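The values are calculated or read from the model by the stated rules, or taken from the named source; none is laboratory data. No experiment lies behind these values; they were computed from the predicted model shown. Neighbour counts run over all protein chains shown; Cβ positions are idealised from the backbone, glycine included.
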Amino acid sequence: MVRVSRSVRDLAYKVLQVKEKILKENGKEPTIEDIAKALDVEKEEIVNSLDAIQDPVSLQEPVYNDGADSLYIMDQVRDKKNTDEIWTENLTMNEALKKLNEKEKMIIDKRFFLGRTQMEVAEEIGISQAQVSRLEKTALEHMRRLYK
């Protein structure tokens, strides 16, 4: 649960009262700008206060049901960037990296996580580009063997 301050809740209830008053007077739904002007507050404060008094909704809440299959809120807000497969791959990669020696870890880190070329890595750690290439190849083979 998130605690909402009394001042935010009070503003939300004032917004609802003003909204109803303007609706009765004009016969049409007021805009956020109309309400902000009537209360002399920023539009963002109004939006935030109204959001703050909304009841929380479960991700397991069905939004559609055709009798056989249900569609849930969770299905609508899926995170395509942080899937279970990517999470598992990251864990596997981290475990594989732990098995490398320090020089191999440093080369893999610089090459694949920092985007350096073999020449740049060679200059940074004081070895030849050919040695970087061999160490990189050995490290990748070692990681593949561990997690095939």
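A compact table of results
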{"quantity": "Members of the range 97-110 that are more than 13 Å from T138 (Cβ to Cβ) and surrounded by 14 or more Cβ atoms within 10 Å (Cβ to Cβ)", "calculated": "L97, M106, D109, K110"}
{"quantity": "Where a residue in the range 110-133 is farther than 25 Å from N94 by Cβ and its partner, wherever it lies, is of a type in the set (D, E), with Cβ under 9 Å and at least six apart", "calculated": "Q129/E123"}
{"quantity": "Contacts under 8 angstrom Cβ, first residue in the range 1-14 being assigned by TED's automatic domain parsing to the domain that holds N48 and farther than 20 Å from A36 by Cβ, partner surrounded by fewer than 10 Cβ atoms within 10 Å (Cβ to Cβ) and of a type outside the set (V, I, T), 6 or more apart", "calculated": "none"}
{"quantity": "Qualifying positions in the range 1-31 - in contact with a Leu (Cβ under 9 Å, 6 or more places away or on another chain) and of a type outside the set (K, R)", "calculated": "L11, A12, V15, L16, V18, E29, P30"}
{"quantity": "Selection status of D79, in the same structural domain as E20 (by TED's automatic domain parsing) and farther than 30 Å from A139 by Cβ", "calculated": "no"}
{"quantity": "Test result for L91, aliphatic (A, V, I, L, M) and either exposed (fewer than 12 other Cβ atoms within 10 Å of the Cβ) or in contact (Cβ under 8 Å) with a residue 60 or more places away in the chain (or both)", "calculated": "yes"}
{"quantity": "Criterion violated by V41 - all others in (1) under 23 Å from D55 (Cα atoms); (2) touching a residue at least 24 places away in the same chain (Cβ under 8 Å) satisfied", "calculated": "(1)"}
{"quantity": "Residue ID - nearest to the chain's Cα centre (by Cα), chosen from residues in the range 70-85 that are loosely packed, with under 12 Cβ neighbours inside 10 Å and not charged (D, E, K, R)", "calculated": "N82"}
{"quantity": "Whichever residue in the range 86-121 is of a type in the set (K, R) and not in a helix (DSSP H, G or I) and, among such residues, is modelled with the lowest pLDDT", "calculated": "K99"}
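Rundown of residues vs (1) at pLDDT 80 or above; (2) in contact with a Phe, Trp or Tyr (Cβ under 7 Å, 6 or more places away or on another chain); (3) surrounded by 12 or more Cβ atoms within 10 Å (Cβ to Cβ), yes/no style:
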position	(1), (2), (3)
E44	yes, no, no
V47	yes, no, yes
Q54	yes, no, no
V63	yes, yes, yes
